[in-house]
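First the structure, in the form of structure tokens, and then the observations on it.
The values are calculated or read from the model by the stated rules, or taken from the named source; none is laboratory data. Just so you know, these numbers come straight off a predicted model, no measurement behind them. Virtual Cβ from ideal backbone geometry, glycine too; neighbours counted across all protein chains shown.
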């Protein structure tokens, strides 16, 4: 197929995906992403390949250890609890913009230690511009184009992180920015200032966009299926008013099932990009060197040989004894797979659970009977109408 004026191969299906991401992984570089987003997320971890990626990932892993995650989680709940009372209630409350602002506030607290909160509106706009620019048909910074807006957004983000970098280097706070500044491997490898800035721009985008999409999708399905809303709320109510810790959030089993099913139906990252660095074959199909390749998790999530009634919302498909996701290790991959599997997937899941736990304790949410959500998949999936729900305080 063709896209953006260039030829592209599409890889779909669990077995073909496994071959591309593991068995034949050395034939595929991350340069497929470079075509779409390098101008806006230059030298983010997802854009690095092979040995360089491994080295940067080893350093970054120091910021995602379980003790670090425990510290991050303790900062999420206060932010959520401070925000939910400010939300409007009643019919037609648009959830997506509320959740996007909330996840950016959380990212500012957890990733930045609260630095630069006065710039949150400008930073949010910059992230929106950079993400939207990835799908721009015009691949040059011409006036009035998404591409040009994305370049401006990138500049805003670079200046923002550069401004706060010295304080993060000098301090010892419990946030991701400081963790990246101080992270090192056993043999002393560390990030340069430009490395930290590049990684922070990508990580904050990835964290707050994908968390927003997932939380929005879960809210929609819980509003549409009140029996599941009641079930997951009962688990949250059993925890009481205390701030949940990692173990508490991991024990929210029903919510976990709903999140997994929501991510199956609405993959936060519908495709992952690669570029071949050598001739290869996937599932018996020849792909020449220098071919742009799209691998499609969103397609795998609807393969009928794996999933029973794949269009239906059915969280129990992830529970024992069914465990449909175990039919193939690459049937369900909202976090990607192989060497590039999302480094922040555990924090992302914990963040989404912490947000939804407080929402369930605070509100009930419903939908008009005939409402069906429509997603704009131009870049990452966004509800066209912002997801209007009926929000009531308990």
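Looking across region 22-54, the residues that are in contact with a strand residue (DSSP E or B) (Cβ under 7 Å, 6 or more places away or on another chain) and over 30 Å from residue 151 (Cβ atoms) come down to 24, 27.
Looking at this structure, is residue 333 in contact with a strand residue (DSSP E or B) (Cβ under 7 Å, 6 or more places away or on another chain) and surrounded by 21 or more Cβ atoms within 10 Å (Cβ to Cβ)? The answer is no for residue 333.
Cβ separations smaller than 9 Å between residues 6+ apart or across chains give the following pairs from region 78-107 residues that are at negative phi and without any contact (Cβ under 8 Å) to a residue 60 or more places away in the chain to residues that are surrounded by 12 or more Cβ atoms within 10 Å (Cβ to Cβ) and assigned to a loop (DSSP other than H, G, I, E, B): 98/87; 98/386.
Please tell me if residue 327 is modelled with pLDDT under 95 and surrounded by fewer than 20 Cβ atoms within 10 Å (Cβ to Cβ).
It is false that residue 327 is modelled with pLDDT under 95 and surrounded by fewer than 20 Cβ atoms within 10 Å (Cβ to Cβ).
Among the residues of region 290-299, is there at least one that is surrounded by fewer than 20 Cβ atoms within 10 Å (Cβ to Cβ) and without any contact (Cβ under 8 Å) to a residue 60 or more places away in the chain? Looking through region 290-299, at least one residue is surrounded by fewer than 20 Cβ atoms within 10 Å (Cβ to Cβ) and without any contact (Cβ under 8 Å) to a residue 60 or more places away in the chain. Listed here are the strands (runs of 3 or more DSSP E) enclosed by region 275-315 that have at least 1 residues being touching a helix residue (DSSP H, G or I) at 6+ places or on another chain (Cβ under 6 Å): 280-282, 292-295. Taking the listed residues 148, 169, the one that is in a helix (DSSP H, G or I) and exposed (fewer than 15 other Cβ atoms within 10 Å of the Cβ) is 169, with no other qualifying. Within region 172-192, if we keep just the residues that are more than 18 Å from residue 109 (Cβ to Cβ) and in contact with a strand residue (DSSP E or B) (Cβ under 9 Å, 6 or more places away or on another chain), the residue that is surrounded by the fewest Cβ atoms within 10 Å (Cβ to Cβ) turns out to be 184. Checking the stated criteria, residue 306 turns out to be surrounded by 20 or more Cβ atoms within 10 Å (Cβ to Cβ), more than 15 Å from residue 219 (Cα to Cα) and out of contact with any strand residue (DSSP E or B) (no Cβ under 9 Å at 6 or more places or on another chain).
The one condition from (1) at pLDDT 95 or above; (2) surrounded by fewer than 23 Cβ atoms within 10 Å (Cβ to Cβ); (3) in contact with a helix residue (DSSP H, G or I) (Cβ under 6 Å, 6 or more places away or on another chain) that residue 247 does not meet is (3). Take the conditions (1) surrounded by fewer than 18 Cβ atoms within 10 Å (Cβ to Cβ); (2) not in a helix (DSSP H, G or I); residue 269 misses just one of them, which is (1).
For region 44-58, enumerate the residues that are surrounded by 19 or more Cβ atoms within 10 Å (Cβ to Cβ) and more than 19 Å from the chain's Cα centre (by Cα). Result: 49, 56. All conditions in (1) farther than 25 Å from residue 238 by Cα; (2) assigned to a helix (DSSP H, G or I); (3) touching a residue at least 40 places away in the same chain (Cβ under 8 Å) hold for residue 347, with the sole exception of (1).
Summed over region 105-118, residues that are within 21 Å of residue 210 (Cα to Cα) and surrounded by fewer than 22 Cβ atoms within 10 Å (Cβ to Cβ) total 5. Within region 24-39, the set of residues being modelled with pLDDT of 90 or more, in a loop (DSSP other than H, G, I, E, B) and closer than 30 Å to residue 142 by Cα comprises just one member, 30. Regarding residue 365, is this residue in contact (Cβ under 8 Å) with a residue 24 or more places away in the chain and over 20 Å from the mean Cα position of the chain (by Cα)? The answer is yes for residue 365.
Assigned to a helix (DSSP H, G or I), surrounded by 15 or more Cβ atoms within 10 Å (Cβ to Cβ) and modelled with pLDDT under 95, is that true of residue 8? No.
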